[in-house]
Amino acid sequence: MPASKAETRIERLLTFEEARACLGSQAELLCKQPREQEQVPLLNALGRTLAEQIVADRDFPPFPRATRDGFAVRSEDLGKIPAELKVVGKIRAGGVLPDGFTRLNRGQAVSIMTGAPVPSGADAVVMVEHTQRHDDSVRLLRSVAAGENVVPQSSEACAGALLIERGTRIAHSHIALAAAVGNSKLTVYSRPRIAILPTGDEIVSVDSRPADNQIRNSNSFSLAAQVIAAGGDPVQLPIAPDEPQRLRELIGHGLEADLLLLSGGVSAGEYDLVEDALSDFSAEFLFTGVQIQPGKPLVFGRAHTRRGSSEWTYFFGLPGNPISTMVTFELFASILVQALSGSSSQSGLHGTKARLGNEVRVKAGLTRFLPACLSGNWDDPEVDPLKWQGSGDVSAFARANCLLVIPPDREYFNPGEWMTVLPLQN
Ligand code: AMP
Ligand code: MG
């Protein structure tokens with residue numbers, strides 16, 4: 001008979017930074033593993049992870065490009081201002097110079113439009129606003145430095161240069177760049193399958209009419225949404241009761257995915273059976289709690305996919321309270337989902353600073369991530385925590401647009417203090 005949780009549990013309570021570092025090092029290992037790839041139409045690659053290198057198919061720009069409408073000139077001709085030059089041609093974007101024109105000579109200018117190739121011999125463009133045209137000549141009212149209003153050939157990238165690295169999460173700017181160098185399809189890593197296993201006798205399906213003592217299964221849906229946003233493919237498993245055998249059976253299914261996310265059943269209560277059930281799969285617990293609020297009972301480790309198998313699957317035992325579930329996914333589980341999707345950058349957390357609107361008092365000891373509202377001007381933002389009834393208050397969380405980060409070493413924070421906030425995507 002397996003030993004009970006009370007006998008086997010070795011508490012591994014980490015600080016926020018230690019837990020993030022633990023995830024970071026596991027993610028680094030995962031990144032090195034080979035993974036499946038697929039080719040998708042360019043637009044479908046948005047949010048996916050690039051599995052190939054994108055290189056410049058030619059010089060960028062392919063010619064010295066005018067960045068203003070005006071006159072292409074030899075800057076040395078404009079030593080004395082105003083200067084008078086002979087207009088010997090006209091070139092627009094996509095156009096060509098007149099037959100027989102080879103090079104701009106001394107005393108000459110070419111009328112030129114934004115995006116057009118600057119003819120050889122010319123080294124600058126004078127903006128049309130600083131000129132007066134008279135028949136076939138132009139009067140230039142300002143001098144220019146060599147190179148002004150011209151982007152030199154290949155200055156953005158030489159043919160063959162690496163433009164987007166393998167492992168990059170594709171954003172709209174990468175879509176633009178891939179299109180610019182001629183890719184109507186991209187090779188991306190296949191989405192990792194992320195199993196989601198809700199637990200708890202009181203949890204019922206979203207479609208059911210719950211009895212007074214029952215709770216609808218919102219965690220499976222919040223987690224599935226977060227998994228999709230992090231680049232994974234959610235696999236929603238049935239609700240596991242607080243009963244060892246069925247729980248074990250469903251954990252077995254979950255461990256066949258690339259990552260297993262359990263919700264609930266990881267606190268110290270009599271019916272919190274998740275850790276015991278995982279122990280049956282030779283689970284190695286990398287931590288069993290993090291000094292944060294919400295989400296302290298967070299469990300992370302790896303377990304054998306099947307009895308006797310040498311393959312490991314990582315799992316998270318996320319605390320069941322819905323806010324704890326969502327916050328711990330964002331702070332920790334998202335790192336592994338991103339790594340499993342082939343992404344080489346694992347942070348995912350992009351904090352910003354905002355002034356505290358009203359004082360905050362807390363007990364020291366935990367790093368807190370409080371649902372909060374970021375308001376005010378974009379260049380002078382203010383943050384205030386929302387009133388909430390604790391980590392089960394889904395409606396308060398839905399009104400939050402950020403998490404206010406409260407460091408663990410102080411109890412009082414003044415109005416006007418600059419605080420770190422983590423913007424939420426909702
Ligand atoms: P537990 O972590 O199992 O002690 O659960 C903590 C709290 O979260 C309890 O109030 C549960 O009812 C609630 N909870 C657990 N699982 C879910 C779920 N899948 N959806 C919504 N609430 C949940
Ligand atoms: Mg429970």
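The values are calculated or read from the model by the stated rules, or taken from the named source; none is laboratory data. These figures come from a predicted structure and were not determined experimentally. Here the Cβ is made from the backbone with ideal geometry for all residues, glycine too, and neighbour counts use every protein chain on show. To get the accessible areas, we keep the full protein, side chains included, count just its heavy atoms, and leave off ligands, DNA and RNA. Shrake-Rupley method; radii C 1.70, N 1.55, O 1.52, S 1.80 Å.
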Of the peptides 51-59, 91-99, how do they stack up when ordered by the mean number of other Cβ atoms within 10 Å, highest first? 51-59, 91-99
Quick one: putting +1 on the C-beta of Lys and Arg, -1 on the C-beta of Asp and Glu, what dipole do you get for region 267-334 around its Cα centre, in Debye to the nearest 20? 160
Report the one residue of 61, 208, 418 whose Cα lies farthest in the direction of the positive end of the charge dipole of the chain (charges on C-beta: Lys and Arg +1, Asp and Glu -1; origin at the Cα centre). 61
Largest to smallest accessible area among 402, 373 [probe 1.4 Å]: 373, 402
The chain - charge dipole about Cα centre, Lys and Arg +1 at Cβ, Asp and Glu -1, debye rounded to 20: 1220
Charge tally in the Cβ shell below 14 Å around residue 371, where Lys, Arg are +1 and Asp, Glu are -1, residue 371 excluded: 0
Tell me, what is the 1.4 Å probe accessible area of residue 68, in Å² to the nearest 10? 100
Non-local amide H neighbours of residue 154 (under 5 Å, H modeled in plane, Pro and chain starts lacking H): which ones? 60, 63
Report the far tail of the P(r) of region 258-307, meaning the percent of Cα-Cα pairs longer than 13 Å. 60
Give me the tail of P(r) for the chain as a percent: Cα-Cα pairs with distance above 38 Å. 44
Please work out how much accessible surface residue 374 shows to a 1.4 Å probe, ignoring ligands, DNA and RNA, in Å² rounded to 10. 50
Is it possible to state the helix-based mean residue ellipticity at 222 nm for the chain, with each DSSP H run of 4+ residues giving -39500 (n - 2.57), the sum divided by total residues, to the nearest 500 deg cm²/dmol? What is it? -5000 deg cm²/dmol
On average, how much accessible surface per residue is there in region 91-148, in Å², for a 1.4 Å probe, leaving out ligands, DNA and RNA? 55
Amide H neighbours of residue 109 at under 5 Å, excluding residues fewer than 5 places away on the same chain, with H built from the backbone geometry, are 86, 87, 88
Can you give the accessible area per residue of region 190-276, in Å², using a 1.4 Å probe? 46
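Once you charge only the Cβ atoms, +1 for Lys and Arg and -1 for Asp and Glu, what is the size of the charge dipole of region 165-216 about its Cα centre, to the nearest 20 debye?
440
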Using θ = phi - 60° and the Karplus relation 6.51 cos²θ - 1.76 cosθ + 1.60, list the HN-Hα couplings for region 78-93 in order, rounded to whole Hz, with x at every Gly or Pro. 10, x, 10, 10, x, 10, 10, 10, 8, 8, 9, x, 9, 9, 10, 4
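Quick one: order 272, 207 from most to least accessible surface, probe 1.4 Å.
Most to least solvent-accessible, the answer reads 207, 272.
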Nearest 5 percent is fine: what portion of the DSSP beta bridges confined to the chain is antiparallel? 70
For residue 174, the accessible surface traced by a 1.4 Å probe with all protein chains present amounts, in square angstrom to the nearest 10, to 50
For region 96-252, using Cα atoms only, the Rg and Dmax in Å read 31.8, 93
Run the quick spin-label model on residue 105 and residue 44: label points 7 Å from Cα toward the beta carbon, then report their separation in nm to one decimal. 5.9
In what sequence, largest accessible area first, do 151, 206, 327 appear using a 1.4 Å probe? 206, 151, 327
Whole-percent carbon and sulfur share, accessible surface of region 57-131, 1.4 Å: 48
